[in-house]
Protein chains: 2
Amino acid sequence: MSQVTINDIEVDIVIGALHSDLTTFMNEWKPVFSRFHLIIVKDTDLKEELQIPEGFSADVYTKSEIEQVVGSSTSIRFSGYACRYFGFLVSKKKYVVCIDDDCVPAKDNAGNFVDAVAQHIVNLKTPATPFFFNTLYDPFCKGADFVRGYPFSLRTGVDCALSCGLWLNLADLDAPTQALKPAQRNSRYVDAVLTVPVRAMLPVSGINIAFNRELIGPALVPALVLAGEGKIRWETVEDIWCGLCVKVICDHLGLGVKSGLPYVSRTERGNAIDSLKKEWEGVKMMEEVVPFFQSVRLPQSATTAEDCVVEMAKSVKEQLGKVDPMFSQAADAMEEWIKLWKSVGSA
Amino acid sequence: MSQVTINDIEVDIVIGALHSDLTTFMNEWKPVFSRFHLIIVKDTDLKEELQIPEGFSADVYTKSEIEQVVGSSTSIRFSGYACRYFGFLVSKKKYVVCIDDDCVPAKDNAGNFVDAVAQHIVNLKTPATPFFFNTLYDPFCKGADFVRGYPFSLRTGVDCALSCGLWLNLADLDAPTQALKPAQRNSRYVDAVLTVPVRAMLPVSGINIAFNRELIGPALVPALVLAGEGKIRWETVEDIWCGLCVKVICDHLGLGVKSGLPYVSRTERGNAIDSLKKEWEGVKMMEEVVPFFQSVRLPQSATTAEDCVVEMAKSVKEQLGKVDPMFSQAADAMEEWIKLWKSVGSA
């Protein structure tokens with residue numbers, strides 16, 4: 001592994017506060033979070049006052065601060081998990097790390113606590129290799145390398161734009177799977193990072209991710225809202241939709257997406273069986289959207305993440321708009337988001 | 001994980017004997033190998049008599065037995081690592097497992113010996129999922145599952161045709177890397193199997209693999225021979241070439257390729273610096289062949305592995321033949337191999 005220097009001032013940690021009492025969450029993460037600047041965005045539907053322990057450098061945004069920035073006329077929803085996208089919007093840093101408030105640090109196979117932020121930044125600062133699969137996983141990890149037969153011309157790799165971490169204890173399963181296997185817990189710590197190959201689509205989970213905001217910030221867009229969407233991960237799909245957009249855009253721009261380390265440990269919440277009715281909508285949706293994202297191609301003229309989101313919105317409207325109005329609304333939100341991104345960026 | 005039953009009579013273990021004394025190798029593997037039928041093929045250049053310990057059910061093939069089957073006029077070379085392809089040819093089993101004779105069983109993170117054959121058969125008997133990336137790795141492994149957002153229509157998966165295992169101690173690096181990092185050893189046991197996505201190319205190593213012979217047997221073809229090829233892995237590319245052929249064919253036929261577990265432990269041999277001169281030829285070759293394999297498409301009329309190899313040979317001759325005569329020779333060997341495969345199969 002190339003030695004990676006983590007510069008504190010390059011990193012924002014964005015936390016979407018879906019729970020009012022962040023004391024336990026933040027104290028568990030204190031050894032990791034305290035050296036960085038935090039952006040805490042309160043779910044706009046959350047009534048109770050936030051409880052945030054001392055000892056952090058944090059900017060906190062509630063509904064009124066959000067409206068000061070985006071106005072009250074925007075059609076973009078910053079409630080539920082989508083509140084954190086506001087943090088992506090107002091961050092000025094190169095790297096953004098975002099971890100759900102029901103996660104605590106995980107332990108590796110040796111029993112050591114994992115510094116999830118450090119691992120994410122290593123993933124983002126070392127190259128990705130989307131154009132050829134390395135059987136030895138991420139060749140830029142410590143002790144790893146390119147396997148025999150890996151073309152030398154592809155060993156330089158490309159910039160990594162998105163790092164998707166994983167989950168111990170409660171993996172990010174959907175409601176049907178969770179309802180079918182209520183006792184299932186993930187205890188398998190897979191000590192690997194890998195680049196997801198070009199043109200391979202993946203369901204990005206927003207629970208534990210990091211990205212290079214300069215490269216693809218605007219592509220992380222809160223666009224798709226399910227009717228009856230709740231405040232439990234498996235009742236939402238905004239992150240899945242966003243991840244498919246980001247992957248297509250990274251493929252188009254020649255950027256990489258990594259998956260694997262770091263793990264976080266997720267605590268349980270929600271009743272899978274209660275959620276099944278809502279979730280079924282998200283499950284059906286995937287059958288429509290995956291063929292779309294697998295085949296959509298962006299024009300060569302789209303050379304920035306902003307351009308790409310706008311072009312993607314056009315294709316969504318044309319090809320998916322007739323399937324369900326929620327897709328047209330998602331396309332509208334994507335266009336609106338880019339306007340917001342540009343206006344906030346130039347403010 | 002679906003419970004997998006391993007039927008001894010469905011499996012052949014093929015061993016290419018590049019060393020005359022197999023005593024240590026086979027005794028180390030005895031707990032794993034002894035319940036299966038073995039096909040041991042002696043490198044046709046090896047002069048010394050083979051030493052094989054008792055306690056195995058093995059058919060041994062030497063140069064004279066090979067010539068009885070394939071005749072003495074075939075242009076296919078069964079020397080060096082290519083001797084094992086003769087074992088693939090004469091096997092009558094559904095599954096073939098093939099492990100180099102410089103490997104011994106590895107230990108997992110808990111210190112238990114890995115049954116590499118059982119893991120390979122589990123990989124082959126459970127479906128592969130090449131059309132969408134599962135961030136939780138192989139969903140058919142014990143304790144794993146499909147992640148939220150994975151389309152239900154793709155969860156059935158497809159047949160897995162090839163299982164590529166990995167290496168502890170000495171990873172399968174090329175000579176330049178090995179020369180640069182002589183002390184590097186792989187001690188990272190990554191507890192995962194994954195399907196390599198459709199259209200993603202990988203450098204398959206022949207050190208530790210298994211395949212479904214009924215589905216893709218003839219696609220494992222000893223075709224590409226480097227000038228000055230030696231008896232050390234990094235001096236050869238037959239497995240890399242073969243793997244690229246197999247991956248394209250699996251993609252075309254809608255079959256899967258998995259990579260990851262099982263590990264074997266490789267003992268050291270060979271001098272990387274001595275090999276550099278030879279290896280450079282293989283390294284250069286990859287720059288030519290990767291764009292070819294990434295873009296080659298087989299006609300819809302090719303519906304079997306045999307058809308696919310013949311069609312691939314045509315494309316190789318047309319597109320790579322002009323680059324270097326070794327590619328035309330490889331194409332000839334591919335055609336010859338299919339003739340042999342058919343004649344041996346019908347005998």
Exercise for review: Report yes if A:Ser343 is free of Cβ contacts under 8 Å to residues at least 12 places away in the same chain, more than 14 Å from chain B (Cβ to nearest Cβ), of a type in the set (Ser, Thr, Tyr) and open to solvent by 10 Å² or more (accessible area, probe 1.4 Å), otherwise no.
Suggested key: yes
**Study point:** Meets criteria (surrounded by fewer than 17 Cβ atoms within 10 Å (Cβ to Cβ), more than 19 Å from A:Ser20 (Cβ to Cβ), more than 22 Å from the chain's Cα centre (by Cα) and away from every other protein chain (no Cβ under 14 Å)) for A:Gln68
**Key:** yes
Practice item. Provide a single number: the residues in the range B:307-329 that are within 14 Å of B:Cys245 (Cα to Cα) and touching a Lys or Arg at 6+ places or on another chain (Cβ under 9 Å). Key: 2
Exercise for review: Return yes or no: is A:Glu268 open to solvent by 70 Å² or more (accessible area, probe 1.4 Å), modelled with pLDDT under 95 and out of contact with any helix residue (DSSP H, G or I) (no Cβ under 6 Å at 6 or more places or on another chain)?
Suggested key: yes
Revision key, fill the gap. Exactly one of B:Ala128, B:Ala106 is over 28 Å from B:Gly230 (Cα atoms), in contact with a Ser or Thr (Cβ under 6 Å, 6 or more places away or on another chain), crowded, with 19+ Cβ neighbours inside 10 Å and at pLDDT 95 or above, and that one is B:Ala128
Revision key, fill the gap. Restricting attention to the range A:125-142, the residues that are within 22 Å of the chain's Cα centre (by Cα) and closer than 19 Å to B:Asp191 by Cβ number exactly 3
Revision key, fill the gap. Counting only residues that are crowded, with 19+ Cβ neighbours inside 10 Å and at the interface with chain B (Cβ under 7 Å from one of its Cβ atoms), the range A:192-205 contains a total of 8
Practice item. Output the qualifying pairs, or none if there are none: Cβ atoms under 6 angstrom, residues six or more apart or on different chains, first residue in the range B:158-174 and at positive phi, second residue in a strand (DSSP E or B) and not aromatic (Phe, Trp, Tyr). Key: B:Asn169/B:Ser265; B:Asn169/B:Arg266
Check your understanding: Is there any pair linking a residue in the range B:288-304 that is closer than 17 Å to B:Leu224 by Cβ to one that is surrounded by 14 or more Cβ atoms within 10 Å (Cβ to Cβ) and among the polar types (S, T, N, Q), with Cβ under 7 Å and at least six apart or on different chains, and which?
Key -> B:Phe292/B:Gln319; B:Val296/B:Ser315
Exercise for review: Answer yes or no as to whether A:Val122 is away from chain B (no Cβ under 13 Å) and under 18 Å from the mean Cα position of the chain (by Cα).
Suggested key: yes
Practice item. Can you confirm whether the range A:224-231 contains a residue that is facing another protein chain (nearest Cβ under 9 Å) and without any contact (Cβ under 8 Å) to a residue 60 or more places away in the chain? Key: no
Review point. Across the range A:236-265, which residue is farthest from the chain's Cα centre (by Cα) among those that are open to solvent by less than 10 Å² (accessible area, probe 1.4 Å) and acidic (Asp, Glu)?
Key: A:Glu238
**Study point:** Leading residue by the ranking (surrounded by the most Cβ atoms within 10 Å (Cβ to Cβ)) among those in the range B:166-191 that are among the hydrophobic types (A, V, I, L, M, F, W, C) and within 27 Å of B:Ala144 (Cα to Cα)
**Key:** B:Leu166
Exercise for review: Of all residues in the range B:236-255, count the ones that are under 28 Å from B:Val32 (Cα atoms) and away from chain A (no Cβ under 13 Å).
Suggested key: 2
Check your understanding: Taking the range A:136-165, which residues are closer than 21 Å to B:Ser295 by Cα and either surrounded by 21 or more Cβ atoms within 10 Å (Cβ to Cβ) or facing chain B (nearest Cβ under 7 Å) (or both)?
Key -> A:Gly149, A:Tyr150, A:Pro151, A:Phe152, A:Ser153
**Study point:** strands (runs of 3 or more DSSP E) lying entirely in the range B:23-121 (those with 2 or more residues that are of a type outside the set (A, V, I, L, M, F, W, C) and touching a strand residue (DSSP E or B) at 6+ places or on another chain (Cβ under 9 Å))
**Key:** B:37-42, B:57-61
Review point. Do you know which residues across the range A:6-18 are of a type outside the set (Asp, Glu), touching a residue at least 12 places away in the same chain (Cβ under 8 Å) and open to solvent by 30 Å² or more (accessible area, probe 1.4 Å)?
Key: A:Ile6, A:Ile9
Check your understanding: If we keep just the residues of the range B:206-226 that are in contact with a helix residue (DSSP H, G or I) (Cβ under 9 Å, 6 or more places away or on another chain) and part of a helix (DSSP H, G or I), which is surrounded by the most Cβ atoms within 10 Å (Cβ to Cβ)?
Key -> B:Ala219
Practice item. Determine if the range A:324-336 includes at least one residue that is in contact with a Gly (Cβ under 8 Å, 6 or more places away or on another chain), away from every other protein chain (no Cβ under 14 Å) and open to solvent by less than 20 Å² (accessible area, probe 1.4 Å). Key: yes
Exercise for review: Filter the range A:19-43 down to residues that are under 18 Å from the mean Cα position of the chain (by Cα) and surrounded by fewer than 23 Cβ atoms within 10 Å (Cβ to Cβ), then give me how many there are.
Suggested key: 1
**Study point:** In the range B:166-183, the residues that are among the polar types (S, T, N, Q) and within 7 Å of another protein chain (Cβ to nearest Cβ)
**Key:** B:Thr177
Practice item. Scan the range A:271-281 residue by residue and report those that are of a type in the set (Lys, Arg) and crowded, with 18+ Cβ neighbours inside 10 Å. Key: A:Lys278
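The values are calculated or read from the model by the stated rules, or taken from the named source; none is laboratory data. Given the structure is predicted, the values throughout are model-derived calculations rather than measurements. So basically every Cβ, Gly included, is an ideal-geometry build from the backbone, and we count neighbours across all protein chains shown. In case anyone asks, the SASA skips ligands and DNA or RNA and just uses the protein heavy atoms, side chains included. Shrake-Rupley method; radii C 1.70, N 1.55, O 1.52, S 1.80 Å.
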